Ligand code: TXA
Ligand code: MG
């Protein structure tokens, strides 16, 4: 398949807009940036289009997709029962990295929701994403643009690695700002519940709603997952990832005494790397800069693959605020393998 690559400035041309419109209304796929990660988009109200996404990603068909809209007013076409809670959160956080799960209306095909009677919707905060939805004139379902199970894509070269010649159009938006997928919040029941932590934290939501909410995001694999996405292996590079819990000193001595013959890499904040005597180091940024660390984790995991690193060590970081979302992704990349040095 031929893949056409566009840049942001191309989107003002009529022919380019016509091309995007045509692709998204004829069962095609468009990869585009959002403020969180790149998405691979299709027409959300057409089953055949939706199926193309599952094929391209190799994604299990029971893992539901998020529907992206460009105007909150469109929400009522696709979902029922928008509660007062949901309205407050939309006012505060849309456009932005918060996906809300509602009871779906019939217009949304079950292919989008993996058979569930609920659907996740968000309005992304990104010029290109909003423009693509407007041009398509249909809602766009878009999972993260990575092959199923692999780290998400936060740079244009990541999506090229995974989808070049597998989609009709790719739009280059450079590096995505947040770098971690949206917070997923179920607002279809009486008490809102977090299903996936993200940049919008539990505290930020509770502050707006002035109430305590539930957090199901740490549900272990063995329990019944509250969101189908929880039960699959995620974000994993080819190398074997291990998380290390301990002080910076303990981390340094553990890594410096390794005698493994395998190619070893380390992904960590700056402070952890100063005295590490290994070659493949990825500096995530200063330990207190969650924004920078969050924006770098998927690039780091993908870089280890490019360097053909076989064993990857990552320190256990704070789970406060955005740290919860960061550790959620890293622990999944490690398939829950954690060594405790404390
Ligand atoms: O930031 C993002 O959300 C990115 C960008 C492209 O918008 N998209 C994204 O999509 O991360 P995806 O498909 O990789 O992750 C969607 C997550 C999955 O864990 C899925 O199980 C959950 O959202 N989800 C979607 N609809 C749901 C529903 N109706 N009920 C429960 N979980 C749902
Ligand atoms: Mg994903």
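The values are calculated or read from the model by the stated rules, or taken from the named source; none is laboratory data. On a predicted model such as this, the values are computed, not experimentally measured, just so you know. All Cβ positions, glycine included, derive from the backbone under ideal geometry; neighbour counts span all protein chains shown.
Mind telling me which of the residues 132, 138, 119 ends up being more than 15 Å from ligand 2 (Cβ to nearest atom), assigned to a strand (DSSP E or B) and either under 30 Å from residue 1 (Cα atoms) or at pLDDT 95 or above (or both)? Lay out the reasoning, then the answer.
On the way: 132 fails: assigned to a strand (DSSP E or B); 138 fails: assigned to a strand (DSSP E or B).
It is 119.
Considering 26, 19, the condition of being over 22 Å from the mean Cα position of the chain (by Cα) and in a loop (DSSP other than H, G, I, E, B) is satisfied by 26 alone. Can you tell me which residues in segment 24-61 are over 23 Å from residue 155 (Cα atoms) and either more than 15 Å from ligand 2 (Cβ to nearest atom) or touching a strand residue (DSSP E or B) at 6+ places or on another chain (Cβ under 6 Å) (or both)? Hits for segment 24-61 are 25, 26, 27, 43, 44, 45, 46, 47, 48, 49, 50, 51. Filtering segment 285-332 to residues that are in a loop (DSSP other than H, G, I, E, B) and touching a strand residue (DSSP E or B) at 6+ places or on another chain (Cβ under 6 Å) leaves 307, 309, 316.
Return yes when residue 100 is modelled with pLDDT of 95 or more, farther than 26 Å from residue 159 by Cα and not in a helix (DSSP H, G or I) and no when it is not.
Numbers: modelled with pLDDT of 95 or more: yes; farther than 26 Å from residue 159 by Cα: no; not in a helix (DSSP H, G or I): yes.
Judged against the criteria, residue 100 is not a match.
In contact (Cβ under 8 Å) with a residue 12 or more places away in the chain, in contact with a strand residue (DSSP E or B) (Cβ under 8 Å, 6 or more places away or on another chain) and not in a strand (DSSP E or B), is that true of residue 275? Against the criterion (in contact (Cβ under 8 Å) with a residue 12 or more places away in the chain, in contact with a strand residue (DSSP E or B) (Cβ under 8 Å, 6 or more places away or on another chain) and not in a strand (DSSP E or B)), residue 275 does not qualify.
If you check residue 263 against the conditions, is it out of contact with any helix residue (DSSP H, G or I) (no Cβ under 8 Å at 6 or more places or on another chain) and at pLDDT below 95? Before you say what the answer is, go through the steps one by one.
Values: out of contact with any helix residue (DSSP H, G or I) (no Cβ under 8 Å at 6 or more places or on another chain): yes; at pLDDT below 95: yes.
Spelling it out, residue 263 is indeed out of contact with any helix residue (DSSP H, G or I) (no Cβ under 8 Å at 6 or more places or on another chain) and at pLDDT below 95.
If the condition is being assigned to a loop (DSSP other than H, G, I, E, B) and modelled with pLDDT of 95 or more, then segment 190-223 contributes 191, 192, 197, 198, 199, 200, 201, 210, 211, 212, 213.
Go through segment 161-176 and report how many residues are surrounded by fewer than 17 Cβ atoms within 10 Å (Cβ to Cβ) and either within 15 Å of ligand 1 (Cβ to nearest atom) or outside any loop (DSSP other than H, G, I, E, B) (or both). Lay out the reasoning, then the answer.
Of segment 161-176, the ones surrounded by fewer than 17 Cβ atoms within 10 Å (Cβ to Cβ) are 161, 164-165, 174-175.
Keeping just the survivors that are either within 15 Å of ligand 1 (Cβ to nearest atom) or outside any loop (DSSP other than H, G, I, E, B) (or both) gives 161, 175.
The number of residues fulfilling the criteria is 2.
Which residues, counting only those in segment 121-150, are farther than 22 Å from residue 79 by Cα, touching a helix residue (DSSP H, G or I) at 6+ places or on another chain (Cβ under 6 Å) and within 11 Å of ligand 1 (Cβ to nearest atom)? Hits for segment 121-150 are 145, 146, 148. Taking the criterion of being at pLDDT 95 or above and either surrounded by fewer than 19 Cβ atoms within 10 Å (Cβ to Cβ) or away from ligand 2 (no atom under 16 Å from the Cβ) (or both), the residues of segment 62-75 that qualify are 69, 70, 71, 72, 73, 74, 75.
Residues that are in contact (Cβ under 8 Å) with a residue 12 or more places away in the chain, out of contact with any strand residue (DSSP E or B) (no Cβ under 6 Å at 6 or more places or on another chain), closer than 17 Å to residue 342 by Cβ and not in a helix (DSSP H, G or I) do occur in segment 242-253, at least one of them.
Could you please let me know if residue 185 is closer than 26 Å to residue 116 by Cα, at pLDDT 95 or above and surrounded by fewer than 17 Cβ atoms within 10 Å (Cβ to Cβ)?
Working: closer than 26 Å to residue 116 by Cα: yes; at pLDDT 95 or above: yes; surrounded by fewer than 17 Cβ atoms within 10 Å (Cβ to Cβ): no.
It is false that residue 185 is closer than 26 Å to residue 116 by Cα, at pLDDT 95 or above and surrounded by fewer than 17 Cβ atoms within 10 Å (Cβ to Cβ).
Applying the set (1) within 11 Å of ligand 1 (Cβ to nearest atom); (2) crowded, with 23+ Cβ neighbours inside 10 Å to residue 192 leaves exactly one unmet item: (1). Under 7 Å by Cβ, and 6 or more places apart or on different chains, what pairs join a residue from segment 114-132 that is on the phi > 0 side of the Ramachandran plot with one that is modelled with pLDDT of 95 or more? That search, which allows pairs on different chains as well, returns 114/64.
The condition (being away from ligand 2 (no atom under 16 Å from the Cβ) and not in a loop (DSSP other than H, G, I, E, B)) is satisfied by just one residue among 90, 108: 90.
Taken over segment 48-87, the criterion of being assigned to a helix (DSSP H, G or I) and touching a helix residue (DSSP H, G or I) at 6+ places or on another chain (Cβ under 7 Å) is satisfied by 50, 51, 56, 72, 85. Among the residues of segment 69-90, at least one is within 13 Å of ligand 1 (Cβ to nearest atom) and under 18 Å from the mean Cα position of the chain (by Cα). Close Cβ contacts (under 7 Å, 6 or more residues apart or on different chains) running from residues in segment 144-159 that are under 15 Å from residue 3 (Cβ atoms) to residues that are outside any loop (DSSP other than H, G, I, E, B) and more than 12 Å from ligand 2 (Cβ to nearest atom) comprise 145/31; 145/159; 145/163; 153/159; 156/172; 158/302; 159/31; 159/170.
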